[in-house]
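The structure under discussion appears below in the form of C-alpha cells.
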Amino acid sequence: MRGVVFDGKDVEVVADLEVRDPGPGEVLVGIRAAGLCHSDLSVIDGTIPFPPPVVLGHEGAGVVEAVGDGVAHVRAGDHVALSTLANCGACADCDAGRPTMCRKAIGMPGQPFSRQGKPLFQFASNSSFAERTVVRAVQAVKIPDDVPFASAALLGCGVLTGVGAVLNRAKVARGDTVVVIGTGGIGLNVIQGARIAGARVIVAVDTNPEKEAVALRFGATHFLGSADGVRGVLPTGADHVFECVGHTGLVRTAIDLLDRHGQAVLLGMTAPKAEASFLPAAMFLDKSILGCRYGSSRPQKDIPLYTELYRTGELLLDELVTASYPVEEFERAREDAEAGKVARGVLVF
C-alpha cells in the first residue's frame with residue numbers, strides 16, 4: 001500500500017508499505033483523507049525529534065475495515081475521525097477526565113508498519129499518511145456519514161487543538177477579549193473557538209496580509225499585521241492571548257499583551273531546548289502562562305460535539321480545506337504549506 005515515509009533525511013512516497021492486522025482493542029482504518037499539519041513538517045525539519053524510519057501523518061479520517069477483540073463502539077463500515085491520543089483509559093488522569101495527561105500515551109511509538117521486512121514507526125500513534133493504519137480503539141471516533149472525509153480529517157488535530165484550547169484550557173467566557181498570534185490551521189481554529197465561546201473582541205495577528213479575509217471569515221473582529229497595533233484595539237490588554245506560531249520571541253509578546261488577570265496560552269511548537277524570557281514582575285497582577293497539549297481534549301466527547309457544531313454551521317471545516325492533493329503529490333503539498341499558501345492542505349487516497 002501507499003504511504004509517506006521519512007527515513008531521517010528524506011521523505012518518500014512509497015507503494016510497498018504493509019500494516020499488521022488489528023489486535024485486541026485495536027481498529028484497522030482505511031484512510032480516505034489526511035490533513036498536512038505543521039507537526040508533520042516539524043518531524044522532517046527536526047523540531048520534533050522522532051525515531052526514523054516513520055510513517056508520517058496524524059490528522060486523518062476514513063472507514064473502519066476491521067476491529068480487534070473487545071472493540072464494540074465501532075465496526076467495519078463506520079466512518080471515523082482519528083485522534084492522536086492513544087490514552088489507556090484506566091490511569092488516574094484518564095479517570096479524572098484528563099486523557100491528554102495519560103503517561104502511557106506519551107513518547108511510546110509503536111511499529112505496526114513494515115517495508116521490505118523492516119519495521120517502521122508510527123507517528124503520533126496515528127500515521128494517517130498511509131492507505132491503512134492501525135490505532136487503539138479509543139482513537140477511532142465515529143462520525144456521521146454525511147461529513148466529508150477531507151473536513152472530518154481536520155477534527156483530529158487542528159480543530160481539537162485550536163478550539164479545545166479555547167473551550168477546555170483557557171475557558172474563554174462570553175464577553176472576553178482574545179488575541180490570536182498566527183493564523184495558520186491552529187490559529188484559525190482558535191479564532192473560531194473564541195467566536196463560538198462568545199468573545200467580544202478577537203484580534204488576529206499575522207504578518208501575511210493575504211490571511212486577513214479568512215481570519216475575518218472565521219470570526220476575527222480585527223486583523224493586524226503586527227502585534228504592535230494590539231494596544232490600539234485593546235488599550236489595557238487582552239483577557240487571553242494565544243501564541244500559535246512557536247516563536248520564543250512571540251511568547252514574550254503574548255505575555256506583554258495581557259490585561260490584569262489575563263492568560264497567555266502557548267500552542268506553537270518550539271524546538272525542545274528553546275528558551276523564552278519574560279519579566280516576572282509583569283505576572284504579579286494575577287496573570288498566567290498556560291501550556292496546552294492537544295487542546296486539553298477528550299476526543300470521544302469533543303469530536304461528536306464539534307461534528308454537531310459543524311452540521312449546524314457554527315464550526316467551519318470545509319473552509320479550512322484550502323487544497324487537496326493526491327498522496328503522490330506530497331512534496332507539492334509540503335511546499336504550499338511551508339510557503340503559507342494554505343490554511344490546511346489535505347492528502348487524499
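Only DSSP H runs of four or more residues enter the estimate; each adds -39500 (n - 2.57), and after division by the residues of the chain the mean residue ellipticity at 222 nm equals -6000 deg cm²/dmol. Once the Cα atoms of helix 185-197 and of the chain are each reduced to a long axis, what angle between those two axes, in degrees from 0 to 90 to the nearest 10, is obtained? For 185-197 against the chain, the angle is about 60 degrees. Placing unit charges on the Cβ atoms of the charged side chains and taking the dipole of the chain about its Cα centre, the candidate lying farthest along the positive direction among Gly23, Ser296, Gly162 is Ser296.
Fully extending the segment from Thr236 to Leu279 would add 13.7 nm, taking 0.36 nm per residue of separation and subtracting the current Cα-Cα distance. Dividing the C-alpha radius of gyration of the range 242-286 by 2.2 N^0.38 Å, with N its residue count, gives 1.13. In this structure, Asn208 and Met269 have a Cβ-Cβ separation that, at R0 = 22 Å, corresponds to a calculated FRET efficiency of about 0.70. Only loop residues by DSSP count here, and only those with at most 11 other Cβ atoms within 10 Å; note down the GluC sites (Glu not before Pro) in the range 236-322 that meet that. Answer by residue number: Glu275. Each eigenvalue of the Cα gyration tensor of the range 298-348, multiplied by 5 and square-rooted, gives one semi-axis; in descending order these are 27, 12, 9 Å.
Sorting the Cα pairs of the range 1-51 by distance into bins of 10 Å, from 0 upward, gives 19, 43, 35, 3 percent per bin. Run through the range 9-66 and list the trypsin sites (Lys or Arg not before Pro) located in a DSSP loop whose Cβ has at most 16 other Cβ atoms within 10 Å. Those satisfying the criteria are Lys9, Arg20.
A straight chain from Val13 to Lys341 at 0.36 nm per residue would run longer than the Cα-Cα distance by 115.9 nm. According to the Cα-based calculation, Rg over Rh for the range 153-242 is 0.94, with Rh computed by the Kirkwood formula.
Of the two radii for the chain, the radius of gyration is 0.97 times the Kirkwood radius, both from the alpha carbons; that is the Rg over Rh value. Entry comment: accessible area of the range 145-265 is 35 Å² per residue, from protein heavy atoms only and a probe of 1.4 Å. For the pair the range 96-116 and the range 232-291, the centres of their Cα atoms are 30 angstrom apart. Backbone amide hydrogens, once placed in the peptide plane, bring Val180 within less than 5 Å of Val203, Ala204, Val205, Phe242, excluding anything fewer than 5 places away on its chain. Listed cross-link partners Lys171/Lys287; Lys9/Lys273; Lys171/Lys273; Lys142/Lys211 are compared with a 24 Å cut-off, the Cα-Cα value being larger for Lys171/Lys273; Lys142/Lys211.
Rg over Rh for the range 234-349 works out to 1.06, both radii taken from alpha-carbon positions and Rh defined as the Kirkwood radius. The eigenvalues of the Cα gyration tensor, multiplied by 5 and square-rooted, give the range 128-190 an equivalent ellipsoid with semi-axes of 27, 13, 12 Å from largest to smallest. For the range 30-126, the calculated P(r) over all alpha carbon pairs, in 5 Å bins from 0 to the bin holding the longest distance, is 2, 12, 16, 20, 24, 17, 7, 2, 0 percent. With all protein chains present, how much of the accessible area of the chain (probe radius 1.4 Å) comes from carbon and sulfur, to the nearest whole percent? So the carbon and sulfur contribution to the accessible surface is 51 percent.
Taking all Cα-Cα distances within the range 217-299, those exceeding 19 Å account for 41%. Separation of the range 123-169 from the range 173-191 is 20 Å, based on Cα centroids.
The values are calculated or read from the model by the stated rules, or taken from the named source; none is laboratory data. Since the model is a prediction, treat every value here as computed from it, not as a measurement. Neighbour counts are summed over all protein chains in view; Cβ atoms, including those assigned to glycine, are modelled from backbone coordinates with ideal geometry. Quick note on the areas: whole protein, heavy atoms, side chains included, nothing else; ligands and nucleic acids left out. Shrake-Rupley method; radii C 1.70, N 1.55, O 1.52, S 1.80 Å.
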